[in-house]
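All remarks here apply to the structure that follows.
FYI, it's all coordinate maths here, none of it is from the lab. All values derive from a computational prediction rather than experimental measurement. When we count neighbours, we look across all protein chains shown, and the Cβ atoms used for this are built from the backbone with ideal geometry, even at glycine.
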Amino acid sequence: MSMTPSTPAPGQGSNGNGQAKAPGEVVIDCHIKELHYGTFKAVRDTAVPIQKNRITAFIGPSGSGKSTVLRCLNRMNDVVRGFRFSGHVRFLGHDIYHPSIDATAVRRYIGMVFQQPNPFAMSIYNNVAFGLRLNGYKGDRAERVQTALQRSALWDEVKDKLGESGLSLSGGQQQRLCIARAIATEPEVLLMDEPCSALDPIATRKIEELMVDLKQRYTIAIVTHNLQQAARVADQTGFLYVDTSEGGRTGYLVEFGDTKQIFDAPKEKHTRDYISGEFS
Amino acid sequence: MLTDETLDSPPAPLEDDPFAQVDFPGLEKSLRRPRTLMNALLSGLVALMTAVALAPLLSVVIMLAWRGGKKLSLSVLTHLPPAPLEAGGGFGNAILGTAVMVGLATLAVVPFGVLIGVFLAEAPLENRLAQAVRFAAKVLTGFPSILAGVFAYGAVVLATGGFSALAGAVALSVLMIPTVVLTSEDAIRMVPARMREAALGMGATHTQTVFMVLLPTALPGILTGVMLAVARACGETAPLVFTALFSNYWITSGGRFDLMQPTASLAVLIYNFAGMPFANQVELAWAAALVLVLLVLAANLTGQALSRRQRQQS
């Protein structure tokens, strides 16, 4: 199965500098100074480099702003009322928060998989082909759909019922369908916001294997509540914690590094306590 | 394990017998307890009220089937109304007239109504224009239908110089639009937020989200609203008396289809014929009433079937 030429807009290796990045180089350089929802300061002082063909995990207690940081990376926060942001998010050399940047275009290069599996109320085929239709892809859509379903390890289960509703699948299958939908347009980066928290352990394990598989082609950032999950799949891990010193509940990055170092030899006391389960 | 011994020695369960029965007071059914009695009485009352509410509906339906069914035949559905004292005849022109006027009104209302529904569903709640439009639509839902007729009389009949099917369609569309607008808004709002989020996450613009995700997902609900509006429009009489008037002939002039002349409709035919002193006309009115009820019933059932399909999907 060879890949057909990429879609008009998103494409493998398409980047602003005109030069492909090598694995491990920084694809998204995210630096959040302050992030507000209305008067609520949700996140401060968080800088994470997302590296190419690596899985970067965000861990931390509830309210530490893991999802908020993730949603910053493809401007999904824009639709939240009262969202304000200071800092920068550089995606392959482009500051995606620059006024000249189209937020919807950003999301075509940086795809997203959500906590709740959210297939559309349409056929399995049309779910995966959605992004291709969105971009007016003129090539062989059936082939792209098949490739995406194969890469998300769903093809064998659905190849005989592509016309059935995406909602007829089980939760784990729905989530893999959503991954297929996200990768059908060959995004550069895949953001996953607690993709397994609504799934049973077997489906979770499948998604985890899939993530490790997918990082050969894509760059992945994942938010997870599950420490073992981060330890199993992530190359880099960022630990966020809640700062209540100013009265509110503001999340900030405590420590970022190789997963092994974060789990085996955390430098910060907060990280050490969290990893060892001293508080949550 | 039910023995005399266990019954004779109540509450204390036997230590050695795990299946021993323990006595509780009031465990068995009895009408003598006030609570049980009240329950039975109220259940009876509810059944009675249901019967009272259904009585007029059922008697109308039975009466219609009885008196209209006698006259119903293929020739009644295809022939023109008879002259006084003439035998036979039918109301084919009235069926066609109702279909044409309701059809025209539907064609005009659906694009506007659905797009207004999209606006109401997508505009922020505090948007003043959306609030005003929603309020107007709600007021229009209870709008006296005769005023819609008067409006179309002033706007179309006086302007074009005569009663016409077009004026009838305008009057009906005024009555249909609020239903379509409000049910479309509801149907679009009922699309799960996570699907909207999924579309945004794929890089869809707002327009693409509306047309590629929200409208297709809400389609069954929107169709339900349209069918409800069609059902209502089919039965309206007052607005048509002011606008389409009535005609004993087909909706043509000089052999060509013509929307600009007085046009028959089932509702007005029933109104006219039921009051006539001729037995044949009165029987035709009964048959027309039965046909009208069946048409409205068909529209309602279609709407319900469509909305059931939507609920199964989501």
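For the protein assembly as shown, the antiparallel share of DSSP beta bridges with both residues in that region comes to about 65%.
With a cut-off of 10 Å between beta carbons, the residues surrounding B:Leu175 carry a summed charge of 0, where Lys and Arg count +1 and Asp and Glu -1.
Sorted ascending by nearby beta carbons within 10 Å, beginning with the fewest, A:Lys161, A:Lys41 become A:Lys161, A:Lys41.
Centroid-to-centroid, using Cα positions, region B:187-240 and region A:169-191 are 26 Å apart. The 3J(HN,Hα) values that the Karplus relation (6.51, -1.76, 1.60; θ = phi - 60°) gives for region B:194-211 are, in residue order, 5, 6, 4, 4, 4, 5, 4, x, 7, x, 7, 6, 4, 4, 5, 4, 5, 7 Hz. Gly and Pro appear as x. Sequence gap at least 6, Cα distance under 8 Å: using those rules, report the relative contact order of chain B to the nearest whole percent. Answer for chain B is 22 percent. Calculated [222 nm] ellipticity per residue, helices only, for chain B: -22000 deg cm²/dmol; basis is -39500 (n - 2.57) per DSSP H run with n ≥ 4, divided by all residues, nearest 500.
The value given for the protein assembly as shown is a Kirkwood hydrodynamic radius of 29.7 Å, derived from the mean inverse Cα-Cα separation. Most mobile of A:Gly163, A:Gly172, A:Gly257 per a Gaussian network model of chain A (Cα springs, under 10 Å)? Greatest mean-square fluctuation among the candidates belongs to A:Gly163. Counted by Cβ distance under 10 Å from A:Lys52, the other residues give a net charge of +1, where Lys and Arg count +1 and Asp and Glu count -1. How much net charge surrounds B:Arg189 when only other residues with a Cβ under 13 Å from its Cβ are counted (Lys, Arg +1; Asp, Glu -1)? Summing Lys/Arg as +1 and Asp/Glu as -1 gives -1. Projecting the Cα atoms of B:Ala279, B:Leu223, A:Pro99 onto the dipole axis of the protein assembly as shown, where Lys and Arg carry +1 and Asp and Glu carry -1 at the beta carbon, places B:Ala279 farthest toward the positive end. Picking from A:Ser64, A:Ser197, A:Ser152, which is most flexible by a Gaussian network model of chain A using Cα springs under 10 Å? Of A:Ser64, A:Ser197, A:Ser152, the most mobile in the Gaussian network model is A:Ser197.
Taking other Cβ atoms within 10 Å as a rough exposure proxy, B:Phe24, B:Phe143, A:Phe83 sort from fewest to most as B:Phe24, B:Phe143, A:Phe83. Extending 7 Å from Cα along the Cβ direction at B:Ala87 and again at A:Gln261 yields two label points whose distance is 10.6 nm. Using a Förster distance of 25 angstrom, determine the FRET efficiency expected from the C-beta separation of A:Glu209 and A:His88, and round it to 0.05. It comes out at approximately 0.15. Remark: for residue pairs A:Lys21/A:Lys215; A:Lys159/A:Lys206; A:Lys41/A:Lys267; A:Lys33/A:Lys66; A:Lys52/A:Lys260; A:Lys33/A:Lys215, the C-alpha separation exceeds 22 Å in A:Lys41/A:Lys267; A:Lys33/A:Lys215.
Amide hydrogen proximity for A:Glu25: with H placed 1.01 Å from N in the peptide plane, the residues at 5 or more positions away or on another chain lying under 5 Å are A:Lys52.
The H on the amide N of A:Phe58, modeled in the peptide plane, is under 5 Å from the matching H of A:Ile222, A:Val223, A:Thr224, A:Gly238, each at least 5 residues off or on a different chain. Using the Karplus relation 6.51 cos²θ - 1.76 cosθ + 1.60 with θ = phi - 60°, the per-residue 3J(HN,Hα) values for region B:176-185 come to 7, 4, x, 4, 5, 4, 6, 6, 5, 4 Hz, with x marking Gly and Pro.
With all pairs of different C-alpha atoms in the average, the Kirkwood value for the hydrodynamic radius of region A:26-275 is 18.6 Å.
Helices in chain A, meaning DSSP H runs of at least 4 residues, each add -39500 (n - 2.57). Divided by all residues, the mean residue ellipticity at 222 nm is -8500 deg cm²/dmol.
Here the calculated FRET efficiency for B:Ala159 and B:Leu107, from their Cβ-Cβ distance with R0 = 22 Å, stands at 0.60, rounded to the nearest 0.05. Using only side-chain charges placed at the Cβ, +1 for Lys and Arg and -1 for Asp and Glu, the dipole size of the protein assembly as shown relative to its Cα centre rounds to 1740 debye. For the pair B:Ser75 and B:Phe135, label points projected 7 Å from Cα toward Cβ lie 5.9 nm apart.
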